[in-house]
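Engineer: Here it is: the structure, laid out below.
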Amino acid sequence: GAGVSQSPRYKVAKRGQDVALRCDPISGHVSLFWYQQALGQGPEFLTYFQNEAQLDKSGLPSDRFFAERPEGSVSTLKIQRTQQEDSAVYLCASSRPDYPPRTQYFGPGTRLLVL
Amino acid sequence: DAKTTQPTSMDCAEGRAANLPCNHSTISGNEYVYWYRQIHSQGPQYIIHGLKNNETNEMASLIITEDRKSSTLILPHATLRDTAVYYCIVSGGTSGTYKYIFGTGTRLKVLA
């Protein structure tokens, strides 16, 4: 079946621009996660949704980062007034069941470059 | 901080078994061990997971020690396409957000 998809795959933004990154999870998956991966590092957790509820946003690095999942399926990660340090790969993952194990399946990521 | 520690890098000859160790001494009773790999410019790919028993699937085997404080991922016949960064993650259970905390992983290089 179809996996997690993300768009765009690549995004170049000028410093100060706003960007929106989209994630389409696997159909029927309840949970959705966003991670940020800097060059040469492992992914770092940003935020978590269960259906449309954002239950954990402890990893968002600043108030310039905002995520939503209004209908419990597609999610958008928005970064306002982008800075060069926002350059990274943004990964989305989804998992289906509401019981263990909650294996996460990752999308290909969006590579953001802020100039 | 990551809940797991892994060697930074390993080499393996093509066709031989690759054994990737992971220490997770603070694992709690209801947490699972997951293994993923990441090939350059791709998202992490799920390989296998386990709770306490050894597990095997078409990609790999997972050996978990009886005290659950460490595990080993085994790729039985490594190929050049297995060259990747391998992440061992401890997560899950019955509470929490189930977020993954990645360490730096093991960079496996399969040599021809």
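Table: residues versus (1) of a type in the set (D, E, K, R); (2) at the interface with chain A (Cβ under 10 Å from one of its Cβ atoms).
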| position | (1), (2) |
| --- | --- |
| B:A17 | no, no |
| B:L20 | no, no |
| B:E31 | yes, yes |
| B:Y36 | no, yes |
| B:K52 | yes, no |
| B:E58 | yes, no |
| B:K69 | yes, no |
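Engineer: Within segment A:96-106, work out how many residues are touching a residue at least 60 places away in the same chain (Cβ under 8 Å) and more than 7 Å from chain B (Cβ to nearest Cβ).
Structural biologist: Here the count works out to 3.
Engineer: For segment B:77-84, check the following and say yes or no: at least one residue is among the β-branched types (V, I, T), within 20 Å of B:T5 (Cβ to Cβ) and at pLDDT 95 or above.
Structural biologist: Checked against the condition, which is being among the β-branched types (V, I, T), within 20 Å of B:T5 (Cβ to Cβ) and at pLDDT 95 or above, segment B:77-84 yields no hits at all.
Engineer: Mind checking which residues of segment B:21-40 are within 11 Å of the chain's Cα centre (by Cα) and over 18 Å from B:S91 (Cβ atoms)?
Structural biologist: If the condition is that a residue be within 11 Å of the chain's Cα centre (by Cα) and over 18 Å from B:S91 (Cβ atoms), then B:P21 is the only one that fits.
Engineer: Only one of A:G72, A:G40, A:G109 is closer than 21 Å to B:G103 by Cα and surrounded by 14 or more Cβ atoms within 10 Å (Cβ to Cβ); which?
Structural biologist: A:G109
Engineer: Output the strands (runs of 3 or more DSSP E) that fall wholly within segment A:1-77 and possess 3 or more residues being hydrophobic (A, V, I, L, M, F, W, C), or say none.
Structural biologist: A:19-24, A:31-37, A:44-50, A:65-68
Engineer: So is B:V90 buried (at least 17 other Cβ atoms within 10 Å of the Cβ), of a type in the set (A, V, I, L, M), closer than 26 Å to A:L46 by Cα and modelled with pLDDT of 95 or more or not?
Structural biologist: The answer is no for B:V90.
Engineer: I would also like to ask the following. Collect the residues in segment A:24-37 that are buried (at least 22 other Cβ atoms within 10 Å of the Cβ), more than 24 Å from A:L115 (Cβ to Cβ) and within 12 Å of chain B (Cβ to nearest Cβ), keeping them in residue-number order.
Structural biologist: Listed by number, the residues that qualify are A:L32, A:F33.
Engineer: Determine which member of the set A:G59, A:G109 is within 9 Å of another protein chain (Cβ to nearest Cβ), free of Cβ contacts under 8 Å to residues at least 40 places away in the same chain, touching a strand residue (DSSP E or B) at 6+ places or on another chain (Cβ under 8 Å) and small (G, A, S). Spell out how you get there, then give the answer.
Structural biologist: Numbers: A:G109 fails: free of Cβ contacts under 8 Å to residues at least 40 places away in the same chain.
Within the list A:G59, A:G109, the selection yields A:G59.
Engineer: Where residues in segment A:68-115 are basic (K, R) and under 17 Å from A:S5 (Cα atoms), which of them is farthest from the chain's Cα centre (by Cα)?
Structural biologist: Going through the qualifying residues, I end up with A:R96.
Engineer: Condition first: of a type in the set (V, I, T) and within 21 Å of A:T82 (Cβ to Cβ). Now tell me which residues in segment A:22-64 satisfy that.
Structural biologist: Answer for segment A:22-64, where residues must be of a type in the set (V, I, T) and within 21 Å of A:T82 (Cβ to Cβ): just A:T47.
Engineer: Among (1) acidic (D, E); (2) at pLDDT below 95; (3) touching a Gly at 6+ places or on another chain (Cβ under 9 Å), which single condition is A:E44 missing?
Structural biologist: Result: A:E44 fails condition (2) only.
Engineer: Which one is surrounded by the most Cβ atoms within 10 Å (Cβ to Cβ) among residues in segment A:75-91 that are more than 8 Å from chain B (Cβ to nearest Cβ) and in contact with a Gly (Cβ under 7 Å, 6 or more places away or on another chain)?
Structural biologist: Among those that are more than 8 Å from chain B (Cβ to nearest Cβ) and in contact with a Gly (Cβ under 7 Å, 6 or more places away or on another chain), it is A:Y90.
The values are calculated or read from the model by the stated rules, or taken from the named source; none is laboratory data. All of these numbers come straight from a predicted model, not from anything done at the bench. In this analysis, Cβ positions are derived from the backbone assuming ideal geometry, glycine residues included, and neighbour counts consider all displayed protein chains.
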